[in-house]
Amino acid sequence: MSQEFEVRLFGPGLPGAGASAKARWEFEALSLTAADQDFCAPGRALELRGAGFNNERLRVAWRDAAGEFTLFLETAAARAAFAAHAPASLKAKLGLAQSAARRTDIRFKLGWAVLGLVLLLPILLLLGFYLQADAVAGWVAERMPVEMEQKIGELTEQRIKLEFRPRTEGAAYDAVQALARRLEPPSRFKYRWHLVDRPEVNAFAAPGGVIVVFSGLLRQAQTPEEVAGVLAHEIGHVELRHSLKAAVKDLGFQALLSFALGDLASTLAGDLAAKLTELQFSRDAEAEADRYGLQRLLEASVDPRGLPTFFARLAPQEKGLALPAMLSTHPPSKERMVAMEGAIGKLPPKDYRPLELDWAAVRAAVGD
Ligand SMILES: [Zn+2]
């Protein structure tokens, strides 16, 4: 005789709410005792199907001369005992009912998972954005197609032209374009270089290869190599997509959302131009742009010492003086300067190709 198990039995002669019954397999038949009565059902007559909210219970039904009986296997133990000694004729039906229950269970759990995710996603994104803003911005930026970044660059450039009215001729303009030709790497971006009349010592890179140089930078630099150093550093911010990442981070959730909806460019461009001059990069990004810039200068055979020299000279000699714009947007930490000078110190002696610019004419053109 097989193991006994508990079921709930409904049928003729039993209470409407069903009766608790002891069940066991006896040869090929299910034998039951409930409310002091014995019942017996041949295995081949049983119909099985999943039951309950989640199809997790098993419903067993049969019909005999007295009428229709139904029992429910409520617990996993009861289902196991029922399955263990079920006659061969019932095994196929049992397998079907169980796999239906499993499928329902998986669908059910998946349903909850999806619903949970949908409800939680905005909160997760928001949390992630505040806790890991750099990482999230980087994640978004890395997945943005270059064409989209290029489009953002074009829209931003239109705003820059409207707001800053860049120069389009003259010795200073020509010098920036000549430096650009010398320094531009082979790139997935199409570079555009603008010189604007602003007294601040600054330069910035917009996403997509738009680089803006302030006339104040040319006034402050003592050699074209110093300017080339800054420009090579800015190229680093473009190539490494720092500007895009900073823009995504700075413009926050709105940009993320627009990104998800696929119309980032139009939303972003409005805010971007105004904020570009203040885009802050992380320390890591600055160090990365320095390394990239130094490498670029070497490849272009430009003396790389201009970059650290310029930054060192810009640093205020007295505490409390306002930082030049260049230094507040690209803070020259001590580690940065040490790393740059260390890297340059390790270079073998090399004959750099001079930048053939009439620097006096350039300085005159920016009002020095
Ligand atoms: Zn920088």
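The values are calculated or read from the model by the stated rules, or taken from the named source; none is laboratory data. The structure presented is a predicted model; accordingly, all values stated were derived computationally and were not measured. Using ideal geometry, Cβ is built from the backbone for each residue, glycine included, and neighbour counts are taken over all protein chains shown. Each accessible area value is taken on the protein alone, full model and side chains, heavy atoms only, with ligands, DNA and RNA left out. Shrake-Rupley method; radii C 1.70, N 1.55, O 1.52, S 1.80 Å.
Descriptive notes on the structure:
- Cβ-derived FRET efficiency at R0 22 Å, LYS346 paired with ARG313, nearest 0.05: 0.45
- Scalar couplings 3J(HN,Hα) for segment 341-350, obtained by applying the Karplus form with A = 6.51, B = -1.76, C = 1.60 to θ = phi - 60°, are 5, x, 5, 5, x, 7, 6, x, x, 8 Hz; x denotes Gly and Pro.
- Subset of LYS151/LYS346; LYS151/LYS334; LYS161/LYS245; LYS161/LYS249; LYS190/LYS249; LYS190/LYS334 violating a 30 Å alpha-carbon distance limit: LYS151/LYS346; LYS151/LYS334; LYS190/LYS334
- In this structure the amide hydrogen of GLN280, modeled in the peptide plane, comes within under 5 Å of no amide hydrogen from residues 5 or more places off or on another chain.
- Shown in residue order for segment 147-164 are the 3J(HN,Hα) couplings computed by the Karplus curve 6.51 cos²θ - 1.76 cosθ + 1.60 at θ = phi - 60°: 4, 5, 4, 4, 5, 4, x, 5, 5, 5, 4, 4, 5, 4, 4, 5, 7, 9 Hz (x for Gly and Pro).
- The length gained on full extension between ALA92 and ARG63, counted as 0.36 nm times the residue separation minus their Cα-Cα distance, comes to 8.5 nm.
- Amide H contacts of VAL210 (H built 1.01 Å from N, under 5 Å, at least 5 apart or other chain): ARG192
- Backbone geometry of segment 205-210 corresponds, through the Karplus equation with coefficients 6.51, -1.76 and 1.60 at θ = phi - 60°, to 3J(HN,Hα) couplings of 10, 8, x, x, x, 9 Hz, x marking Gly and Pro.
- On a per residue basis, segment 144-198 carries 53 Å² of accessible surface, using protein heavy atoms and a 1.4 Å probe.
- Heavy-atom accessible area per residue - segment 5-104, 1.4 Å, Å²: 52 Å²
- For VAL201, residues with placed amide H under 5 Å, excluding near neighbours: ALA325, MET326
- Surface share of carbon and sulfur [accessible, 1.4 angstrom probe, percent] for segment 5-104: 56 percent
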